[in-house]
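Q: Below is the structure I would like to discuss, written out as structure tokens.
The values are calculated or read from the model by the stated rules, or taken from the named source; none is laboratory data. The structure presented is a predicted model; accordingly, all values stated were derived computationally and were not measured. We place every Cβ from the backbone using ideal geometry, glycine too, and count neighbours over all the protein chains shown.
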Amino acid sequence: MDKPRSLRAAVAMITAISRLEPPPATAYAGSVQIPLALRRQAYRVAHHLLRAWWFVRRPDHEGVKCVLNDADRVLLVRHTYGDRRWDLPGGSVRRSEVAQETATREMEEELGIRVEHWYYLCDLLALSYSCHDTLHCFQAEVDDPALTLNRAELQAARWFPERELPAEVGRHVRPILARSFVLRPSVRGEQADA
């Protein structure tokens, strides 16, 4: 394997290694799966490298946050890296991607579900780890809430009733949910407009 010549290449290499899944059945007897603990450590290292890079470069960054709901429940996740509070699933927009494509890709990668129909909520502008972050926020109804977690990236995922969100949530969770129809006026105890 070649040595990476830039920080971007190093992060790409660590990400590629951390996402390795069990190899398909082949005639090669020596196939080895990278242990989960090692893949999780790769995510943590990559996250620290990105934070350092963002501090030095202060780039503009685009990401997505996704509100997935099943009737009156909302899905929150805990990552194995970075902020460990309950958060909305999401991820970074790739260079050639539209934000909605990123939402679909990230839900497949992190949760093992395919969401085709997204409802656009809003864009949030924030300063995250010294970079200017634009979060594109989407919402979707999930009919079959069975999840297959990427255990290297996610420590846990849980469906919470709208009125019983945990006290420890990421800083963007409540502002995004306030804009979604998951927290409808009737859920907040207000009267809905007729």
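Q: Do you know which residues across region 77-95 are at pLDDT 90 or above and out of contact with any Ser or Thr (no Cβ under 9 Å at 6 or more places or on another chain)?
A: 77, 78, 85, 86, 87, 88, 89
Q: Here's something else I'd like to know. Pick out the one residue from 109, 116, 101, 97 that is of a type in the set (D, E, K, R), more than 25 Å from residue 60 (Cβ to Cβ) and surrounded by fewer than 17 Cβ atoms within 10 Å (Cβ to Cβ).
A: Exactly one of 109, 116, 101, 97 is of a type in the set (D, E, K, R), more than 25 Å from residue 60 (Cβ to Cβ) and surrounded by fewer than 17 Cβ atoms within 10 Å (Cβ to Cβ), namely 116.
Q: Can you pull out the residues in region 72-86 that are charged (D, E, K, R) and more than 17 Å from residue 142 (Cβ to Cβ)?
A: Within region 72-86, 78, 83, 84, 85 qualify.
Q: Let me ask another. What residue, among those in region 52-68 that are of a type in the set (D, E, K, R) and surrounded by 15 or more Cβ atoms within 10 Å (Cβ to Cβ), is modelled with the highest pLDDT?
A: 65
Residue by residue, here is whether (1) assigned by TED's automatic domain parsing to the domain that holds residue 38; (2) in a helix (DSSP H, G or I); (3) at pLDDT below 90 holds:
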{"residue": "100", "(1), (2), (3)": "no, yes, no"}
{"residue": "106", "(1), (2), (3)": "no, yes, no"}
{"residue": "113", "(1), (2), (3)": "no, no, no"}
{"residue": "116", "(1), (2), (3)": "no, no, yes"}
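Q: Still on this model: Taking region 162-178 as the region of interest, how many residues are part of a helix (DSSP H, G or I) and either at pLDDT below 85 or out of contact with any strand residue (DSSP E or B) (no Cβ under 8 Å at 6 or more places or on another chain) (or both)?
A: Residues that pass the stated criteria total 2.
Q: Hey, among 62, 110, 141, 101, which residue is over 16 Å from the mean Cα position of the chain (by Cα) and not β-branched (Val, Ile, Thr)?
A: Step by step, each of 62, 110, 141, 101 is checked, and only 141 is over 16 Å from the mean Cα position of the chain (by Cα) and not β-branched (Val, Ile, Thr).
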